[in-house]
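Trainee: Take this structure first; my questions come after.
The values are calculated or read from the model by the stated rules, or taken from the named source; none is laboratory data. Since we're looking at a predicted model, the values are computed, not measured. Cβ placement follows ideal geometry from the backbone for every residue including glycine, while neighbour counts extend to all protein chains displayed. Accessible surface is based on the protein model in full, side chains and every heavy atom, while ligands, DNA and RNA are left aside. Shrake-Rupley method; radii C 1.70, N 1.55, O 1.52, S 1.80 Å.
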Amino acid sequence: MRLRMAARLVRGLLTAIAAMGLTASAQAQDKKIKIGVIFDLTGPLAGGGSELEYLGTKIILDHFSKTGVEGYKVEAIYADAQSKPDVAINESVRLLEQEKVDMVLGFFSSAQCVPVAARVEQLRKFMWMTTCISSAVVADKNYKYVFRPQASGDQFGTMTMDFIAQNAKAKFGKEPSELRVAIIHEDGAYGVDVSKGNEAGAKKAGFNVVLKEGYSATAPDLSALVTKLKRARPDVVFHTGYNPDITLLLRQAREQGLKFAALVGHGAGYGVYEKLKEGLGADANFLFNTDPISIWLANQKTMDPKLAPVIKMVGEEFDKIKPGVAIRSAHVGIGASNTYVFMDDVLPRAIKKYGGVDPEALRKAALDTDIPEGGTMLGFGVKFYGEGTAMAGQNERSFPVVIQYIDDKSSVVWPKSQAQREAVLPLPKGTTYSNQ
């Protein structure tokens, strides 16, 4: 009798120990962060830069999925926004509510981020944007759980105006007040925001704005806009667009004989040189683009030393996926760098200091971020405006640069502190659009 009781006791003890072991094992396995990643993998925005940012982001997430972060496994679940705001919203909600991800990360289009950010904040979840430059995404919203390390659209617009203003006399032989400029843009949140920066910069410089007009990025014909540009006779065209609207505009400009001294683009389609060259051929030569600096052009001598091997790794992995690309797009580095900031700086702090990966821990960790200039692969630092400020959640230390494409190479030409060569201004005589 006693033996049977003892045996039952031992079996019960062993069962309890096994159960405890299973519970501990389950808890260990539960130490995971699930990240919902949303980019446009189909539709017009895919070729305009979104797919490239997805690749840069995925390279970084794949790296951390192998190493983990502070004992947490990293699991990324990807979704395609299909270049549609409503799909971006639905996919975000699906990932958060059905897939039970801990946060959403990525996004390319500002037209998507404006409604998605509002929805994510309403759900009290955490959102980390790698792009979506429109100020309207965060301006005067006082979001608590939405963060953007990327430079904002108004910075793009004012940067390019300053670039031309400072070169007006030396390159064009004119005072800024004598320069005729046109501001054209796609009429979504992204284009409107950059154009506001253009307007503010033009007013500051004293430029003569001869045309300002928006258009639909999906317009099948832009010949009427080209006609208006011909009548306005601008020296410099400032353009914010995606792709293929950039290609459509410049092809019709070529057909109708539009001439100017310079064309300055602002990210998105202008950041994908392969697409520009595919659509425009040699006419892609001498175009300017405004974007955060390509991680492969950034000055590594002034950069945190730990970043050089990461940049090398991103380049090698990208070359495996897209071999033979003449210029690695800045979009790849934008996705990689802004994702790396979260994975290397924010996430470890959330786990160690704030105890996990819930929205509150991630929010507090993001607000603690204090990366100095040179601390990211894009060269700028990261410090977010806090709650109660006009741009809460925006990185106050970010900035773009102006690059120029010349002979299948891209070089930083502005600001002077980052410049790698002198800008070629105006367009050389004999080129398609040159008014010389």
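Trainee: Heavy-atom accessible area per residue, the range 260-410, 1.4 Å probe: how many Å²?
Mentor: 35 Å²
Trainee: Below 13 Å, Cα to Cα, which aspartates and glutamates can Lys228 reach? Residues fewer than 8 away in the same chain don't count.
Mentor: Cross-link targets: Glu213.
Trainee: What net charge is computed for the residues neighbouring Glu360, neighbours being all others with C-beta under 10 Å from the C-beta of Glu360, Lys and Arg scored +1, Asp and Glu -1?
Mentor: Net charge in that neighbourhood comes out at +3.
Trainee: What number, rounded to the nearest 500 deg cm²/dmol, is the helix-based mean residue ellipticity at 222 nm of the chain, given -39500 (n - 2.57) per DSSP H run of at least four residues and division by all its residues?
Mentor: Numbers: 13 runs with 179 residues, N = 436.
Rounded to the nearest 500, the figure is -13000 deg cm²/dmol.
Trainee: Sequence-distant or interchain residues sharing an amide H contact under 5 Å with Tyr78, placed H: which?
Mentor: Val37
Trainee: Of Lys32/Lys275; Lys312/Lys364; Lys169/Lys429; Lys320/Lys383; Lys174/Lys301; Lys322/Lys416, which sit over 28 Å apart, Cα to Cα?
Mentor: Among Lys32/Lys275; Lys312/Lys364; Lys169/Lys429; Lys320/Lys383; Lys174/Lys301; Lys322/Lys416, the Cα-Cα distance tops 28 Å for Lys32/Lys275; Lys312/Lys364; Lys320/Lys383; Lys174/Lys301; Lys322/Lys416.
Trainee: Could you give the angle, 0 to 90 degrees to the nearest 10, between helix 2-30's Cα long axis and the longest principal axis of the Cα atoms of the chain?
Mentor: 10 degrees
Trainee: If you don't mind, another one. Going through the range 89-132, which trypsin sites (Lys or Arg not before Pro) have at most 16 other Cβ atoms within 10 Å and a DSSP loop state?
Mentor: The qualifying sites are Lys100, Arg124.
Trainee: Okay, moving on. Count the DSSP beta bridges whose two residues both fall in the chain, then state the antiparallel fraction as a percent rounded to the nearest 5.
Mentor: 25 percent
Trainee: What does the charge count around Glu121 come to, taking other residues whose C-beta lies under 14 Å from its C-beta (Lys +1, Arg +1, Asp -1, Glu -1)?
Mentor: +4
Trainee: Right, next: DSSP loop (so not H, G, I, E, B), at most 14 other Cβ within 10 Å: list which GluC sites (Glu not before Pro) in the range 97-166 pass both filters.
Mentor: Working: sites: Glu97, Glu99, Glu121; in loops: Glu99.
Loop-located and lightly packed - Glu99.
Trainee: I'd like the FRET efficiency for Lys32 and Glu213, computed as 1/(1 + (r/R0)^6) with the beta carbon distance as r and R0 of 51 Å, rounded to 0.05.
Mentor: Efficiency, rounded to the nearest 0.05: 0.55.
Trainee: Let me ask something additional. Between Val325, Val74, Val382, find the one with the highest GNM mean-square fluctuation for the chain; connect C-alpha pairs within less than 10 Å.
Mentor: Val325
Trainee: Right, something else. In a Gaussian network model over the chain where Cα atoms closer than 10 Å are linked, find which of Thr240, Thr158, Thr67 has the largest mean-square fluctuation.
Mentor: Thr67
Trainee: Here's a follow-up. What do you get for trypsin sites (Lys or Arg not before Pro) in the range 355-436 restricted to DSSP loop and a cutoff of at most 15 other Cβ within 10 Å of the site's Cβ?
Mentor: On the way: sites: Arg363, Lys364, Lys383, Arg397, Lys409, Lys416, Arg421, Lys429; in loops: Lys383, Arg397, Lys416, Arg421, Lys429.
Those that pass, being in a loop and sparsely packed, are Lys416, Arg421, Lys429.
Trainee: Helix 85-97 versus the longest principal axis of the chain: what is the Cα-based angle in degrees, 0 to 90, to the nearest 10?
Mentor: Long axis of 85-97 versus the principal axis of the chain: about 20 degrees.
Trainee: Quick one: grab the alpha carbon gyration tensor of the range 180-241, order the square roots of its eigenvalues as a ≥ b ≥ c, and give me rounded if a/c is under 1.5, else prolate or oblate depending on whether a/b is larger than b/c.
Mentor: In terms of gyration-tensor shape, oblate.
Trainee: Using a Gaussian network model of the chain with C-alpha springs under 10 Å, which one of Thr290, Thr160, Thr376 is most mobile by mean-square fluctuation?
Mentor: Thr376
Trainee: Here is a follow-up. Could you state the number of Å between the C-alpha centres of the range 262-308 and the range 383-436?
Mentor: When both Cα centres are located, 8 Å separates them.
Trainee: Using +1 at the C-beta of Lys and Arg and -1 at the C-beta of Asp and Glu, which of Phe384, Gly191, Ser177 has the Cα lying farthest in the positive direction of the dipole of the chain?
Mentor: The Cα lying farthest towards the positive end belongs to Phe384.
Trainee: Expressed in nm to one decimal, what extension gain is obtained for the pair Asp162 and Asp304 from 0.36 nm per residue of sequence separation less their Cα-Cα distance?
Mentor: The Asp162-Asp304 span can extend by a further 48.3 nm.
Trainee: What is the mean projected area of the alpha carbon convex hull for the chain, to one decimal in square nanometres?
Mentor: With the hull built on Cα positions only, its mean projection is 24.0 nm².
Trainee: If you don't mind, another one. Output the 0 to 90 degree angle, nearest 10, between the alpha-carbon long axis of helix 307-321 and the longest principal axis computed from the alpha carbons of the chain.
Mentor: Around 80 degrees separate the two axes.
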